[in-house]
Amino acid sequence: MSELIAANLQLILYGIGTAIMIAVYFAYRQQIDFWWMNFWYGIPIIGKAHRLSKDHSQASQSGWFNAERTLCKDYKRFIHFKSREEFEKYQIYLRKAEDNGRTPTPLIIMLIMVVLVAAEGLGFSYMLAKILNSEGSANTHNLLMWAIVFVLATILAFITHAAGHQLYRTSLVKRSLIGWAQANPKPDLSRIGLGLQDDQYKDDELPDYVQVLARVGRNYSYAMVIIAVIAITGIAVLSTGQRYFDFVEHQTEQTMGVSEQGAANGNPFATGAAGSEGLVIPNEVADSQKAAQQQGIADSQDAMKSGSIAGFLTLAIIFVVTQIVGMFAGYKWGFAGKESKSAFEATRGFATYEEFIAYYDPRIDAAQAMLQSMQQKMAANAINGDRKTEKTFRDYLLEDRQSKAEFHQPVPKADASPATAAALQVTSIAVAPTAAAPATAAPVATPAVAPVSSATAQADSQTVCADEALQILDSISDKQAKKAWLDSLPGGVTDEVIARIKQRKAAEAAEKAKRDAELDSLLD
């Protein structure tokens, strides 16, 4: 084994180095990609910022050049900040799923586990390679051995990590179910289930175990734990047995060789010098010498056997402990909640919103510095001096966030009730003439609104009518048609709709002010 490692030491080191580099890249992918993009942007003459500075075409958005928006868009890909409400919502999800404080498995732990499993599998695979291809060449043995090491390390690392994670999740679910079983009365679990997009405060009044089950789920299993125990025990027993039988075979061959040599040299005086006949040893002396020799061989073999067995058991214990460490890693790190990993990634694992915001400050500063540098180049190369480059990266973030907020506004959907269906029909009649002749919009709409009023008057409650009226009102694009629609409603419904419109406008204004304040604190 030592000769094999020495002969392939350079290849082994290259493989370990490559694996470490790949693991580091995927662990710090965002940081590395951002650094690489910023590096290529800032290279003189051939950098992307220099090339973009030659583009003086105006963007469709007022006040922007295409070059500016291209740069801002590239940097924005690495800035995924959330509002304080979103951040707190994700934190509440993690806390109620009992995943707060947990993280994905650290890179250093993954590397240690891979090295440990690969080192343990190296010795076992060396024996297997000889057995599976005993007639092959040394190169064939080596190739087969490395293939077995790769397969064995990958399978064991996956199984042990999955088993540890399943053990943690199952213990959490079972503890919650025990709390539910002991409750009186028992909460209904048939309709629980909350995701990241749901209101995380809606189950505040429910017990903690219900909050856990709503985010983690109620199903649990020990399947991976059982598979891991069987695999670890099986490999430990088989590898130990293989080492033992290999040792017995080697010892038998060695014993037979020693016996033959002893039979040939049992009488040192059998042949004298120059071929003369040697002295004849009495049978008593020869038998005594032979017995002593056999006893010495037996004692040596027993000592070697005991030492080898102890060594084999030690290797088996080391293998089992290594796999237990792998299971512990799966138990300690990782998430039980169905969407806890997404919540952790969205918050970057920070405990406070201030820490989360501070994480993006260096990237925002780098983006602003690169934008200013490019704008200076654009100003120096400008043909018309009246072209001003005054936009900042902060402006882009504000506009981008505002556009996304408007894009994600819920689209009103028409209800299937008869009142709403009639209202939609009237709306289409009222809006069409308005576009062609605004002055006659109200008179045209008035005759058609009458049946809508009677339809809405037949609704079960004023609240339902107000909801339907708001849906219809949001679907009308013409201002005069909206007024006509409101005038056609009963007085109580009209007052309710107007009050809700005021509330909605106030909420939108408050949300915009809060969003602007957050961005101001972020971009200062």
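One table, with the values for the structure above:
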quantity	calculated
Estimated FRET transfer efficiency (Q10, A499; beta-carbon r; R0 56 Å; 0.05)	0.10
Calculated FRET value between V24 and H80, using beta carbons and R₀ = 25 Å, to 0.05	0.70
Extension gain (nm, one decimal) between I317 and Y201, 0.36 nm per residue minus Cα-Cα	36.9 nm
Difference of contour (0.36 nm per residue) and Cα-Cα distance, Q301 to D188	33.7 nm
Burial ranking of peptide ranges 23-35, 163-175 (average Cβ count within 10 Å, highest at the top)	163-175, 23-35
Over 31 Å between alpha carbons, listed pairs K377/K514; K202/K502; K202/K391; K391/K502; K76/K482	K377/K514; K202/K391; K391/K502; K76/K482
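FYI, it's all coordinate maths here, none of it is from the lab. Model, not experiment: these values are computed from the prediction. Note that each Cβ is placed from the backbone with ideal geometry, even for glycine, and that neighbours are counted across all protein chains shown.
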